[in-house]
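Enquirer: So that we are looking at the same thing, I have put the structure below in structure tokens.
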Amino acid sequence: MGSVGLLKNSAMVCAPLMAPSVEQLVHGMLQAKAQGADLVEIRLDGINNFQPQKDLQVLLNNNPLPVLIVYRPIWEGNEFEEDDDHIHKQLEVLRWAKELGADYIELDLKIASDFTKKEKPRWSSGCKVIASCFVDNVTSKEDLSQVVAHMQSTGADILKIVTNANDITELEKMFHLLSHCQVPLIAYSLGERGLISQLLGPKFGSVLVYGSLDCNAVPGLPTLGSLRQAYGVDFMDTDTKVFGLISKPVGHSKGPILHNPTFRHVGYNGIYVPMFVDDLKEFFRVYSSPDFAGFSVGIPYKEAVVSFCDEVDPLAKSIGAVNTIIRRPCDGKLIGYNTDCEASITAIEDALKVNGRTNGAAFLPSPLAGKLFVVVGAGGAGRALAFGAKSRRAEIVIFDIDFDRAKALAAAVSGEALPFEKLASFQPEKGAILANATPIGMHPNKDRIPVSEASLKDYVVVFDAVYTPRKTTLLKDAEAAGAITVSGVEMFLRQAIGQFHLFTRTKAPEEFMRDIVMAKF
């Protein structure tokens, strides 16, 4: 088992700030310090009626943290206007910033060379120059290396490359660049697909990792709080094993706030990140190194991912859905598992037992034996529930918007499939179990339920695989109708406990994980 290093890595956490007034920027700096930033990046071009010397003096006399000054009044989209007057003004402002005590200044590559040649030899302060470049389309590692070589020729202290990620697989080129660069480098990609380039930057050697203020979240940028608390970026190193949720979308995932603190709790050197994946085949082809040690699998890939596993555990194979993949250390093969099945079924069974609703069936292998078990949704989660119900000898009915998919699952579990349009009028027998395995009711469409409200009185247990929000409208309505309710949070916790064991090959600290879930979800 890997162990968490005792020393912090050298990456600094930087909070980018932009505001229309100096007063707001000063307030933002105080917030950034309180939330754990190591330094702040101040964008001067957002200040209304900007007065360079006066405003810089106020900012740099009231800075609680080291300051990186950026001034780009002439950016329009991604095109740089080569206007001598504008460039002269930009350089003059950055010169003042240096003289007034800025710790870092950032210049575009197009003007960095002239500036460093003319200005830097005369500097007596410790202000460092960052030369930055935006690369719109990442074509190859060689092209990126050429950009770095060009940037290095400017004589800047630190280099910065920002790209626009169209696919998560493009980020591997950034990681390769960071790992092999011989000069201090900041490299990351923008947008939701580029998020892991920020989160994993410290592992691969990035000088800075950026985080937004907790009260001002930016899409594709982690918050300062999540960097420190959820992801623990201070403790990453080159040996850190990467785990992540493969999904589309992925922003709803609560996995990072559960797995990462648990890794640190047991002393395992790992990080768990959200991975917005568009193409499974290309993803697994690109991320094939031992660094990427395992994955959770979410919507909509639990069934499709089976074909990308080298081996599949018998339970997962029978279900036809995988929610956990491990890269076997000895040979690098991908092994697929399903921890959803037992997680969901034991959660429902335990709810019946705790509430004493076994109807005298304590002598049976399961309180689900012989009960009508209604599954809404025949995707990965629905298949896990249906096969779990079959193993408990329940009578199974399947609904899915794709009737052929419902029929195929029903045949596999010796159940019955009914057309989805009949669900609204479906009246189950008293004492039935309802399991919603669709995204219906998930944030932001929280007000919908998959069945008629009138039918809820006939279910003894209602389970909802949706866990954002924790108590869905379906569960609220079911509770009002007198049913025992089981939240998707319980399934999430139990399947995560199973995943943690597979990820680390050690017993999961169940009470620690449950405490996190109860506090954070």
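The values are calculated or read from the model by the stated rules, or taken from the named source; none is laboratory data. Because the structure is predicted, anything quoted here is derived from the model rather than measured. Virtual Cβ from ideal backbone geometry, glycine too; neighbours counted across all protein chains shown. Surface accessibility is based on the protein's heavy atoms, side chains included, excluding ligands, DNA and RNA. Shrake-Rupley method; radii C 1.70, N 1.55, O 1.52, S 1.80 Å.
Enquirer: Could you compute the FRET efficiency for GLN146 and ASP278, with r as their C-beta to C-beta distance and R0 at 35 Å, rounded to 0.05?
Expert: 0.80
Enquirer: May I ask for the net charge around ASP239, where only other residues with Cβ less than 10 Å from the Cβ of ASP239 are counted and Lys, Arg are +1 while Asp, Glu are -1?
Expert: Within the 10 Å Cβ shell, the charges total 0.
Enquirer: Distance cut-off 30 Å, Cα to Cα: go down the list LYS128/LYS248; LYS248/LYS520; LYS248/LYS476 and report the pairs above it.
Expert: Long pairs (Cα-Cα over 30 Å): LYS128/LYS248.
Enquirer: Whole-Hz Karplus ³J(HN,Hα) for region 262-278, in order, using 6.51 cos²θ - 1.76 cosθ + 1.60 and θ = phi - 60°, x for Gly and Pro?
Expert: 6, 3, 5, 4, 9, x, 9, 8, x, 9, 10, 10, x, 10, 7, 10, 9
Enquirer: Could you state the angle between the C-alpha long axis of helix 84-99 and the longest principal axis of the C-alpha atoms of the chain, as a value from 0 to 90 degrees rounded to the nearest 10?
Expert: That works out to roughly 90 degrees.
Enquirer: Moving on. Just the number please: accessible area per residue for the chain, 1.4 Å probe, all protein chains included, in Å².
Expert: 42
Enquirer: Too long at a 22 Å Cα-Cα cut-off: which of LYS89/LYS110; LYS98/LYS173; LYS254/LYS446; LYS390/LYS507; LYS430/LYS471; LYS160/LYS241?
Expert: LYS98/LYS173; LYS390/LYS507; LYS430/LYS471; LYS160/LYS241
Enquirer: Also, quick follow-up: List every residue whose amide H lies under 5 Å from the amide H of THR163, counting only residues 5 or more places away in sequence or on a different chain, with H placed 1.01 Å from N in the peptide plane.
Expert: Amide H neighbours of THR163: VAL135, TYR188, SER189, LEU190.
Enquirer: Hey, what angle do you get for helix 380-391 against the long axis of the chain, alpha-carbon based, 0 to 90 degrees rounded to 10?
Expert: For helix 380-391, the angle is close to 30 degrees.
Enquirer: What net charge is computed for the residues neighbouring HIS265, neighbours being all others with C-beta under 12 Å from the C-beta of HIS265, Lys and Arg scored +1, Asp and Glu -1?
Expert: My count for the surroundings of HIS265 gives -2.
Enquirer: What distance in nm lies between label points placed 7 Å from Cα along the C-beta direction at LYS317 and GLN24?
Expert: 6.0
Enquirer: Another question, then. I'd like the orientation of helix 171-180 relative to the chain: the angle between its Cα long axis and the longest Cα principal axis, in ° from 0 to 90, rounded to 10.
Expert: It works out to around 50 degrees.
Enquirer: With percent of Cα pairs over 46 Å apart in mind, check (i) 36; (ii) 18; (iii) 25 and report the label derived from this structure.
Expert: Computing percent of Cα pairs over 46 Å apart and matching it to (i) 36; (ii) 18; (iii) 25 gives (iii).
Enquirer: Continuing with the same structure: So how do ASP157, ASP402 rank on accessible area, 1.4 Å probe, biggest first, that is with the largest at the start?
Expert: ASP402, ASP157
Enquirer: Using alpha carbon centroids, what distance separates region 159-176 and region 275-310, in Å?
Expert: A separation of 19 Å, based on Cα centres.
Enquirer: Just how much of ARG494 is accessible, in Å², when a 1.4 Å probe is used and the result is rounded to the nearest 10?
Expert: Number for this one is 60 Å².
Enquirer: Using a 1.4 Å probe on the protein heavy atoms, what percent of the accessible area of the chain belongs to carbon and sulfur?
Expert: 50
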